[in-house]
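J.: Dropping a structure here in structure tokens format, bear with me for questions.
Since every read-out is calculated from the coordinates, none of them should be taken as a lab result. Being a predicted model, the structure only gives us computed values, none of them experimental. Heads up, the Cβs are rebuilt from the backbone with ideal geometry, glycines too, and the neighbour counts pull from every protein chain shown.
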Amino acid sequence: MNLKEILINFQINFAAFDLDGTLLNENGEVFDNIMKGLTLLKNQNIEMFIVTGRTVSSLIDSNIPKEFLELFNENIICNDGIILYNNKTKLIKTYSSIQSTIITKLIEYIGNKNDYALEIDGKIFSPNKRSALKYSMVYKINRGSIIISDPKSSLQEENITKFVIFPKQDEIKKILGFLKKNECNVKKIKFLDALEVTPKETCKATGLLNYLRENRKMRNLNKVISFGDGTNDCTLLKKCIFGISVIGSHPDAVKNSDMHLTQSLGEYLVQSLH
């Protein structure tokens with residue numbers, strides 16, 4: 001279906017884009033024709049948002065072109081909907097957090113056998129350099145941006161948004177068993193067998209709706225078209241009025257979208273809107 005027809009038929013005012021795999025390649029470079037296509041879309045009076053799984057630190061450490069970011073709303077939905085980051089003011093707003101009591105119990109439970117790091121208000125804390133190195137490798141951020149200190153001293157803060165464990169092989173099942181008993185999301189990361197703990201019932205769709213509800217008085221995503229490629233894009237693709245999975249998407253993303261592209265996103269945008 002032609003994008004212009006979709007915009008008109010569904011009376012769309014907003015567009016939400018996943019970042020990695022949708023707009024950027026594996027090297028963090030903008031795909032061909034994306035800049036031209038996004039410019040054409042913006043000229044249709046569509047307000048565009050980046051809705052990403054990246055942390056704030058990962059965004060700050062990236063080499064994403066300034067002219068690319070300026071095409072979008074300055075507020076970026078990060079951490080799969082958990083954090084709102086303003087790219088101009090550098091202010092951070094937390095939409096959801098993990099109870100500090102859960103994290104305190106978790107740190108006590110995993111003891112000194114397992115490495116870990118946690119995110120509080122967009123800042124990364126790690127108890128040692130080894131844990132910091134592992135975190136920087138998993139999330140591709142500068143190790144120097146990770147604060148080496150005893151995280152326990154920061155647990156009085158309310159905005160704990162992510163806890164990442166690098167468990168020893170014989171500890172994984174035990175830790176997963178503990179996490180199932182607590183109110184949080186748990187995601188397995190293949191690299192280093194890491195376990196990512198985040199606030200329960202959070203997703204990209206919820207994060208975007210939180211912003212639109214507060215700033216555009218919207219009650220749902222029925223004026224939003226979304227673009228994505230991964231499993232963490234599924235709810236966004238499904239809950240927006242129209243969801244488009246890009247070429248090379250995960251099967252779950254394709255299943256939850258209204259349309260799957262067989263050409264590059266840049267080509268689709270340019271051909272539909274030129």
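J.: Take the alpha carbon atoms of region 100-198, find their radius of gyration, then divide it by 2.2 N^0.38 Å using N residues; give the quotient.
T.: This ratio for region 100-198 stands at 0.97.
J.: Further, regarding this structure: Treating only the Cβ atoms of Lys and Arg (+1) and Asp and Glu (-1) as charged, compute the dipole magnitude of region 81-238 about its Cα centre; round to the nearest 20 debye. Intermediate results must be reported in sequence, preceding the final value.
T.: On the way: 29 positive and 16 negative charges, 78 e Å.
With Lys and Arg at +1 and Asp and Glu at -1, about 380 debye.
J.: To check you understand DSSP bridge types, tell me what percent of the beta bridges within region 146-274 (both residues inside) are antiparallel, rounded to 5.
T.: The antiparallel proportion sits near 55 percent.
J.: So, one more: Given all pairs of different Cα atoms, what value in angstroms does the Kirkwood hydrodynamic radius of region 1-63 take?
T.: Working: mean 1/r = 0.0765 Å⁻¹.
Mean inverse Cα-Cα distance, inverted, gives 13.1 Å.
J.: Of S57, I244, F10, which is farthest along the charge dipole of the chain in the positive direction, counting Lys and Arg as +1 and Asp and Glu as -1 at C-beta?
T.: The residue sitting most towards the positive pole is S57.
J.: Restricting to Cα pairs below 8 Å that are 6+ residues apart, what does the relative contact order work out to for the chain? Please round to a whole percent.
T.: 22
J.: What are the principal axis extents of the Cα atoms in region 1-135, in Å, biggest first?
T.: 57, 31, 29
J.: Could you list T104, T202 in order of exposure, starting from the residue whose Cβ has the fewest other Cβ atoms within 10 Å? All intermediate terms of the calculation are to be shown ahead of the outcome.
T.: Working: T104 15, T202 22.
Ranking T104, T202 by Cβ neighbours within 10 Å, fewest first, gives T104, T202.
J.: Continuing with the same structure: Work out from phi, with θ = phi - 60° and the Karplus expression 6.51 cos²θ - 1.76 cosθ + 1.60, the ³J(HN,Hα) of each residue of region 237-247, listed in order in whole Hz, and give x for Gly and Pro.
T.: Those phi angles translate into 5, 7, 8, 6, 4, 8, x, 10, 8, 7, 4 Hz.
J.: The chain: D in µm²/s via Stokes-Einstein (Kirkwood Rh, Cα pairs, 10 °C, 1.306 mPa s)?
T.: On the way: Rh = 19.4 Å.
My calculation gives 82 µm²/s for D.
J.: Relative to the first principal axis of the alpha-carbon coordinates of the chain, what is the inclination of helix 100-110, with its axis defined by its Cα atoms, in degrees from 0 to 90 and to the nearest 10?
T.: That helix lies at roughly 60 degrees to the long axis.
J.: Quick check for me: using +1 on Lys/Arg Cβ and -1 on Asp/Glu Cβ, what's the dipole size of the chain about its Cα centre, in debye to the nearest 20? Display every interim value, and only then the final one.
T.: Details: 36 positive and 31 negative charges, 136 e Å.
In debye, rounded to 20, the chain gives about 660.
J.: Measuring from label point to label point, each 7 Å out along Cα→Cβ, what is the F10 to S62 span in nm?
T.: 2.3
J.: What is the fewest-to-most order of F31, F166 by other Cβ atoms lying within 10 Å of their Cβ?
T.: Working: F31 17, F166 23.
Going from sparsest to densest Cβ surroundings: F31, F166.
J.: Determine the calculated [θ] at 222 nm for the chain from helices alone, applying -39500 (n - 2.57) to every DSSP H run no shorter than 4 residues and normalising by the residue count; nearest 500 deg cm²/dmol. Kindly include the intermediate steps, with their values, before the conclusion.
T.: On the way: 11 runs with 90 residues, N = 274.
Using -39500 (n - 2.57) per qualifying helix, the result is -9000 deg cm²/dmol.
J.: Next question, about the same structure. What do you get for trypsin sites (Lys or Arg not before Pro) in region 174-237 restricted to DSSP loop and a cutoff of at most 15 other Cβ within 10 Å of the site's Cβ? It would help to have the intermediate numbers written out before the result.
T.: On the way: sites: K174, K180, K181, K187, K188, K190, K200, K204, R213, R216, K217, R219, K223; in loops: K181, K190, K200, K217, R219, K223.
Here the trypsin sites (Lys or Arg not before Pro) that fit, given the DSSP loop and packing criteria, are K181, K190, K200, K217, R219.
J.: Neighbouring Cβ atoms within 10 Å as the yardstick, rank D61, D193 fewest first.
T.: Working: D61 17, D193 14.
Fewest-to-most ranking of D61, D193: D193, D61.
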